[in-house]
Amino acid sequence: MRRALLIGTAVVVACSEPTIPERAAWYGFDNAGDVFHWPRNRLPVRYYADTRGSMSDIVTHGLGSWESQLLYGEFTAEMVADSNVADVIVTWFDSVPPYAPPDPGAPVFACDGVTTFLFDAAGTSLTDPIRTQIRITTAQSYTLEQVAACVRRVVVHELGHTIGLLQESPAPEDVMYSTVAVAAPSGRDRQTLQVLYHTTPTIAPAPR
Amino acid sequence: MHDSIVVPVDAKPAIAPALALSIGEGTNGPWTPEAALDVSWAALQRHESGEAAKFNSVTVIAFTVGARREVGPGLAARVGIGAIKYLPADETGMFRGGSGLWAVGTAGLYWSPAMLGGPAHDFGVSLRYDVHRFSTPALHADGFTSAQLVHRLSLAIGARILGKGRTAP
């Protein structure tokens, strides 16, 4: 009986290419022609989430849902505990809902969100961390479960803005639709993100 | 993996270290049956617009069974078939949802020249080739409906560490 140990180097070469998907279903992501996405040298992007309530878990979940849309690691994020070193800060606008499992039923619009970009005078670079605020609607009464489901949807939507999807989708099936009714990015959201992250940006992130 | 998203995008492993362990049982005939376990560790890189960026790393394990025979002085050839598995460091991106188990075919030459002690000591140089198909659930979900054919070539130094024989695999 003989045994041999081989140590060396391996070269991997790929060929016989499969058909490349078209990725024709995407919507606009620019802001009046200006394009923003996180450059490679800023990955992983640092996110800070409000420590109150379940915001940190919701943001972590939302980031994961966006990261998984890209095939080649074009966008990655990490949570940080210090807002002073964050690239993106996500907070509650005012009231903090107690934890509840998200309602699996039809979506109700029990919350909303806003994401703010501050530009320099030339409009070519951000000057501050991107800020997202999530507000619980008080005009009507909703169950905690409905609020929790709404917050999850809206956080995913607002995180889409923070990674560069600056427009709203025209289709209600997309998580980037203005009145977000789905909990995760759709195929069109995915293709839009993929096209965005291979388009040359014109807006630089705020310096660290 | 070749892709095109606005611009051409290629994702491929970098040149990487590999380790192979094989075991064979001598017979009276010209062919020696053997089994081999190959492991390699590679950084996965995205090549786009003339730049390369690492985005993951992967351990690739291949187990094959085959046969070997001497084809010349100090020279042995081997063929085999088996299975190959990709184990990514992070199950994200093209590896979200994991990866499957793929059939692999392999062929190789092992040269044990006299200046390295010859076949009696089984120091030598190995040139190995294998081919397999590759895809992942994430690639399939993204529209890559057919698998990619992947060719691998390895150059290695080798030595027999147990047993006796005329040549190592």
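The values are calculated or read from the model by the stated rules, or taken from the named source; none is laboratory data. Nothing here was measured: the structure is a model prediction, and the numbers come from that model. Cβ coordinates were reconstructed from backbone atoms using ideal geometry, including for glycine residues, and neighbour counts include every protein chain displayed.
Return the only residue of B:72, B:80, B:124, B:143 being within 12 Å of chain A (Cβ to nearest Cβ) and over 23 Å from residue B:11 (Cβ atoms). Quick ask: steps written out before the conclusion?
Values: B:72 fails: within 12 Å of chain A (Cβ to nearest Cβ); B:80 fails: within 12 Å of chain A (Cβ to nearest Cβ); B:143 fails: over 23 Å from residue B:11 (Cβ atoms).
None of the others qualify; the one that does is B:124.
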Pairs returned, first residue in the range B:1-15 that is more than 7 Å from chain A (Cβ to nearest Cβ), second residue that is of a type outside the set (D, E, K, R) and in a strand (DSSP E or B), beta-carbon separation under 7 angstrom, 6 or more apart or interchain, are B:10/B:2; B:10/B:47; B:14/B:42; B:14/B:43; B:14/B:45
Does residue A:171 count as touching a helix residue (DSSP H, G or I) at 6+ places or on another chain (Cβ under 8 Å) and surrounded by fewer than 16 Cβ atoms within 10 Å (Cβ to Cβ)? yes
Filter the range A:136-165 for residues that are surrounded by fewer than 21 Cβ atoms within 10 Å (Cβ to Cβ) and aliphatic (A, V, I, L, M); the one that is farthest from residue A:112 (Cα to Cα) is A:144
Cβ-Cβ distance below 7 Å, separation of 6 or more or different chains: which pairs start in the range A:105-127 with a residue that is among the charged types (D, E, K, R) and end on one that is surrounded by 13 or more Cβ atoms within 10 Å (Cβ to Cβ) and at pLDDT 95 or above? A:112/A:135; A:112/A:154
When you look at residue A:131, is it crowded, with 21+ Cβ neighbours inside 10 Å and at pLDDT 95 or above, yes or no? no
Say whether the condition of being among the polar types (S, T, N, Q), surrounded by 17 or more Cβ atoms within 10 Å (Cβ to Cβ) and part of a helix (DSSP H, G or I) is met by at least one residue in the range A:177-188. no
Which one of these is surrounded by fewer than 22 Cβ atoms within 10 Å (Cβ to Cβ) and either over 30 Å from residue B:139 (Cα atoms) or out of contact with any Asp or Glu (no Cβ under 8 Å at 6 or more places or on another chain) (or both): A:90, A:85? A:85
Exactly one condition in (1) modelled with pLDDT of 90 or more; (2) at the interface with chain B (Cβ under 7 Å from one of its Cβ atoms) is not met by residue A:25; state its number. (2)
Every residue from the range A:49-78 that is among the aliphatic types (A, V, I, L, M) and more than 10 Å from every other protein chain (Cβ to nearest Cβ): A:49, A:55, A:58, A:59, A:63, A:77
Condition set among the charged types (D, E, K, R) and part of a strand (DSSP E or B), scope the range B:10-63, selection nearest to residue B:79 (Cα to Cα): answer is B:34
Condition test on residue A:93, is it of a type outside the set (D, E, K, R) and touching a Ser or Thr at 6+ places or on another chain (Cβ under 7 Å)? no
For residue B:25, indicate whether it is facing chain A (nearest Cβ under 7 Å), closer than 30 Å to residue B:161 by Cβ and at pLDDT below 90. yes
Report yes if residue A:105 is farther than 25 Å from residue A:186 by Cβ and away from chain B (no Cβ under 14 Å), otherwise no. no
Of residues in the range A:82-111 being hydrophobic (A, V, I, L, M, F, W, C) and part of a loop (DSSP other than H, G, I, E, B), the one nearest to residue A:134 (Cα to Cα): A:93
On the basis of being among the polar types (S, T, N, Q), modelled with pLDDT of 95 or more and surrounded by fewer than 22 Cβ atoms within 10 Å (Cβ to Cβ), does residue A:194 make the cut? no
Go through the range B:128-149 and count every residue that is within 11 Å of residue A:71 (Cα to Cα) and assigned to a loop (DSSP other than H, G, I, E, B). 2
Flag if residue B:59 is more than 11 Å from every other protein chain (Cβ to nearest Cβ) and in contact with a strand residue (DSSP E or B) (Cβ under 6 Å, 6 or more places away or on another chain): yes
Could you list, in sequence order, all residues of the range A:149-208 that are basic (Lys, Arg) and farther than 23 Å from residue A:53 by Cβ? A:188, A:190, A:208
